[in-house]
Amino acid sequence: MHTYSIRLKPGQDLKQELDALVKQKRIGAGVMLTCVGSLTDVTIRLANQEGPTQWHGHFEIVSLVGTLSVNGSHVHVAVSDSTGRTVGGHLLEGCKIYTTAEIVIGVMPDLNYTRETDPTFGYSELVIQQKQRE
């Protein structure tokens, strides 16, 4: 495994920047190792909901987890407000950095992640493939 460490700055969109990094580095199989930071806007898809839910204010990122790939990423975020109330769900565009986001991503060069529709619920689910050695 090798890693990438990045710092996002105020106003950047968390999902857009993750997607751009995955594309730029051509990550075939990556994982979120850690993230700390804060957001002013939060846009997530809550469990078993069709559309996005949005909040505006100041939030701490308490968790950012998921798999990353140029073939489709799946990332969840949890944030807490100034009272400690915590919400989480599927990361969507619209999560704007407040002060910083310090992110470390691990990359497995021998694997490739793709997504295929699972007939059980109709979602596009992870398929793990071993890369052929050249």
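What follows draws every value from the coordinates through simple rules; no lab data is involved. In this text, all values refer to a predicted model and were calculated from it rather than measured experimentally. Backbone-built Cβ (ideal geometry, glycine too); neighbour counts: all protein chains shown.
Tabulated results
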| quantity | calculated |
| --- | --- |
| Met1-Asp110 pseudo-label distance in nm [points 7 Å out on the Cα-to-Cβ vector] | 1.4 |
| Rough spin-label spacing in nm, given labels placed 7 Å along Cα→Cβ, for His58 and Gln12 | 2.1 |
| Set of aspartates and glutamates near Lys131 by C-alpha distance (under 19 Å), chain-local residues within fewer than 8 positions excluded | Asp110, Glu116 |
| Value of relative contact order over the chain, rounded to a whole percent, pairs C-alpha under 8 Å and six or more apart | 34 |
| Asn48 versus Thr67: modelled label distance in nm, points set 7 Å from Cα along the beta carbon direction | 2.4 |
| Length released on extending from Thr83 to Ser38, taking residue separation times 0.36 nm less the Cα-Cα span | 14.7 nm |
| The chain - Rg and Dmax from Cα coordinates, angstrom | 15.3, 54 |
| Under 17 Å from Lys15, Cα to Cα: lysines that are on another chain or at least 8 residues apart | Lys23, Lys25, Lys96 |
